[in-house]
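What follows is a set of notes on a single structure, which appears directly below.
The values are calculated or read from the model by the stated rules, or taken from the named source; none is laboratory data. Model, not experiment: these values are computed from the prediction. When we count neighbours, we look across all protein chains shown, and the Cβ atoms used for this are built from the backbone with ideal geometry, even at glycine. Accessible surface is based on the protein model in full, side chains and every heavy atom, while ligands, DNA and RNA are left aside. Shrake-Rupley method; radii C 1.70, N 1.55, O 1.52, S 1.80 Å.
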Amino acid sequence: MAESFDLVVIGGGPGGYVAAIRGAQMGMKVACVEREHLGGICLNWGCIPTKALLRSAEVLHLAKHAADYGLKIDKVDFDLDAIVKRSRGVAKQMNGGIKSLFKKNKVTHIEGEAKIASKGKVAVKGKDGKTTELTAKDVIIATGARARELPHLKADGELVWTYKHALAPNTMPKKLLVIGSGAIGIEFASFFNELGSDVTVVEMMDRVLPVEDADISKFAEKSFKKQGMTIKTKASVTELKKGKDSVTCVVETDGKKEEITVDRVIIAIGITGNVEGLGLEDVGIKVDRGHIVTNEWGQTGVDGFWAIGDVAGAPWLAHKASHEGIVAVEKINGVKGLHPMDKGNIPGCTYCRPQVASVGLTEAKAKEQGYEVRVGNFPFIGNGKAVALGEPEGMVKTVFDKKTGELLGAHMVGAEVTELIQGYAVARTLETTEQELMHTVFPHPTLSEMMHESVLDAYGKAIHF
Ligand SMILES: Cc1cc2nc3c(=O)[nH]c(=O)nc-3n(C[C@H](O)[C@H](O)[C@H](O)COP(=O)(O)OP(=O)(O)OC[C@H]3O[C@@H](n4cnc5c(N)ncnc54)[C@H](O)[C@@H]3O)c2cc1C
């Protein structure tokens with residue numbers, strides 16, 4: 001006999017588990033099927049364990065600079081195994097938290113691999129090999145994504161790593177080459193660079209962190225180089241020649257080839273959705289370039305099937321996945337006055353040193369869309385708290401619509417900007433103009449005062465610079 005639910009969620013990542021909990025809160029009988037670990041990539045192999053690693057790198061950096069703060073630390077060293085152990089421990093703790101939340105909210109957690117059997121039916125193959133059937137009026141597909149590889153750029157877990165291998169490295173590479181300078185590539189580059197690896201980053205586009213505002217990319221790149229990284233832009237790795245304990249990478253820049261031999265390579269060239277083996281084609285769900293096609297509510301176009309999170313396309317971010325989960329469940333339940341997901345207002349953060357964070361349009365994108373813009377800039381060096389923290393490196397840039405004063409985008413690089421960006425995200429949700437931002441009182445001394453000053457600068461009123 002098939003067990004019957006109102007909602008079956010396939011995948012227990014930040015998209016799936018949040019959707020499941022919201023469904024249960026709304027009175028639905030919900031099952032969440034997960035084949036591996038609750039919390040998905042985010043809690044187990046993504047956001048959280050990387051931030052734990054980067055925190056170790058940050059503390060190491062501060063310890064190395066203890067003298068700048070009038071402190072004496074005789075010998076600063078690290079133990080990579082202990083750093084990784086801490087990171088894995090943090091992931092495990094968070095994963096256990098989801099189990100408790102499911103219990104509290106009465107979400108049925110089913111361990112196994114799910115496949116769509118037919119409309120309203122999901123078959124789950126358990127670890128014992130037995131298949132059980134679940135029925136539900138609505139099914140949310142939240143199966144996430146995995147590292148993208150290319151025929152000539154394939155990970156083996158030994159010499160060539162994806163993020164999973166890099167999170168639990170089999171060695172501390174003396175020389176490391178990172179392919180791709182998006183958030184994932186740059187975070188690992190930053191981590192290993194801080195620990196002393198000789199890091200080279202190869203990026204196809206003309207700048208690192210290519211989705212960020214050009215000024216922010218430029219600032220970050222300069223800082224990475226100052227920290228000792230080698231950055232190769234407009235470059236691609238065309239071949240990996242594996243040795244016994246090293247890899248020789250053929251790097252092509254402007255038609256010129258060079259060979260760089262390193263201990264390990266990290267491939268961070270994007271991700272691709274987990275769409276295979278789900279039976280999507282059998283019910284007519286469309287897939288485009290590795291991702292399920294949906295509308296702004298997460299509907300797939302096939303009645304009763306929804307898709308959210310990484311499997312439903314960019315931006316590949318945990319908070320986007322969770323928000324899409326909430327929107328889909330509330331849409332299923334006919335919530336009145338519901339807003340669809342606004343992809344233009346999803347903050348993006350990179351936890352390298354210096355941190356990078358942004359929301360909304362870059363200056364170039366705003367101009368491309370026909371806006372006449374006013375731009376404000378404020379440097380960290382002009383902020384008392386930044387200088388007191390010993391973090392004078394960074395900037396805050398704001399982009400406004402010259403006609404209406406609407407805040408179109410905000411872009412930051414520097415210490416703690418990943419915590420600050422949410423202020424601008426709220427401002428954008430409220431469709432705030434420069435007027436409200438200028439009239440907002442920012443506490444002193446805080447880094448957030450730079451958010452105020454950047455707005456003031458856009459209108460020629462900055463006080464401290
Ligand atoms: C190294 C790294 C760092 C990152 N850092 C950040 C960050 O700082 N901030 C941020 O916002 N994002 C970050 N991300 C991205 C973030 O992890 C993803 O956007 C997020 O996990 C997507 O959530 P999801 O629920 O869509 O999918 P996932 O988290 O991938 O979860 C999908 C789940 O579905 C399960 N599953 C798949 N197929 C089946 C099946 N057939 N049956 C049952 N279960 C199935 C999988 O086992 C998995 O647990 C990072 C990613 C990586 C790789």
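At a glance:
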item	result
Selection from segment 195-235 of residues that are over 19 Å from the mean Cα position of the chain (by Cα), assigned to a strand (DSSP E or B) and within 26 Å of residue 80 (Cα to Cα)	198, 199, 200, 202, 230, 231
Residue satisfying all of: in segment 22-42; in a strand (DSSP E or B) and within 7 Å of the ligand (Cβ to nearest atom); surrounded by the most Cβ atoms within 10 Å (Cβ to Cβ) among these	33
Condition met for residue 139 (assigned by TED's automatic domain parsing to the domain that holds residue 28 and at pLDDT 95 or above)	yes
Filtered residues of segment 131-161 (kept if more than 27 Å from residue 279 (Cα to Cα) and buried (at least 22 other Cβ atoms within 10 Å of the Cβ))	161
Some residue of segment 253-271 being closer than 23 Å to residue 154 by Cα, open to solvent by less than 30 Å² (accessible area, probe 1.4 Å) and not in a strand (DSSP E or B)	yes
Filter result (part of a helix (DSSP H, G or I) and open to solvent by less than 20 Å² (accessible area, probe 1.4 Å)) within segment 43-53	43, 44, 49, 50, 52, 53
Complete set of residues in segment 61-76 that are assigned to a helix (DSSP H, G or I) and either of a type in the set (D, E, K, R) or buried (at least 18 other Cβ atoms within 10 Å of the Cβ) (or both)	64, 68
Identity of the residue in segment 421-457, touching a residue at least 12 places away in the same chain (Cβ under 8 Å) and touching a Ser or Thr at 6+ places or on another chain (Cβ under 6 Å), that ends up farthest from residue 356 (Cα to Cα)	455
Residues within segment 398-430 that are in contact with a strand residue (DSSP E or B) (Cβ under 6 Å, 6 or more places away or on another chain) and farther than 30 Å from residue 54 by Cβ, tallied	5
Subset tally (residues that are surrounded by fewer than 24 Cβ atoms within 10 Å (Cβ to Cβ), more than 16 Å from the ligand (Cβ to nearest atom) and farther than 13 Å from residue 54 by Cβ) for segment 177-196	1
Failed condition for residue 210, given (1) farther than 30 Å from residue 31 by Cα; (2) surrounded by 21 or more Cβ atoms within 10 Å (Cβ to Cβ)	(2)
Some residue of segment 77-91 being closer than 30 Å to residue 65 by Cα, assigned to a loop (DSSP other than H, G, I, E, B) and without any contact (Cβ under 8 Å) to a residue 60 or more places away in the chain	yes
Residue satisfying condition, being at pLDDT 95 or above, within 21 Å of the chain's Cα centre (by Cα) and not assigned by TED's automatic domain parsing to the domain that holds residue 216, within set 453, 436, 416	416
Count of residues meeting criterion [of a type outside the set (A, V, I, L, M, F, W, C) and closer than 29 Å to residue 334 by Cβ] in segment 12-61	13
Every residue from segment 158-196 that is over 14 Å from residue 56 (Cα atoms) and of a type in the set (Phe, Trp, Tyr)	161, 163
Matching residues in segment 326-357 - criterion: being within 13 Å of the ligand (Cβ to nearest atom) and touching a Pro at 6+ places or on another chain (Cβ under 8 Å)	346, 348, 357
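Per-residue answers, yes or no, for (1) touching a strand residue (DSSP E or B) at 6+ places or on another chain (Cβ under 6 Å); (2) among the hydrophobic types (A, V, I, L, M, F, W, C):
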site: 148; (1), (2): yes, no
site: 178; (1), (2): yes, yes
site: 197; (1), (2): yes, no
site: 219; (1), (2): yes, yes
site: 223; (1), (2): no, no
site: 233; (1), (2): no, no
site: 239; (1), (2): yes, no
site: 246; (1), (2): yes, no
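Each row is one residue, and each column tells you yes or no for (1) among the hydroxyl-bearing types (Ser, Thr, Tyr); (2) over 23 Å from residue 266 (Cβ atoms); (3) at pLDDT 95 or above; (4) within 24 Å of the chain's Cα centre (by Cα).
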residue	(1), (2), (3), (4)
79	no, no, yes, no
82	no, no, yes, no
89	no, no, yes, yes
95	no, yes, no, yes
103	no, yes, yes, no
143	yes, yes, yes, yes
163	yes, no, yes, yes
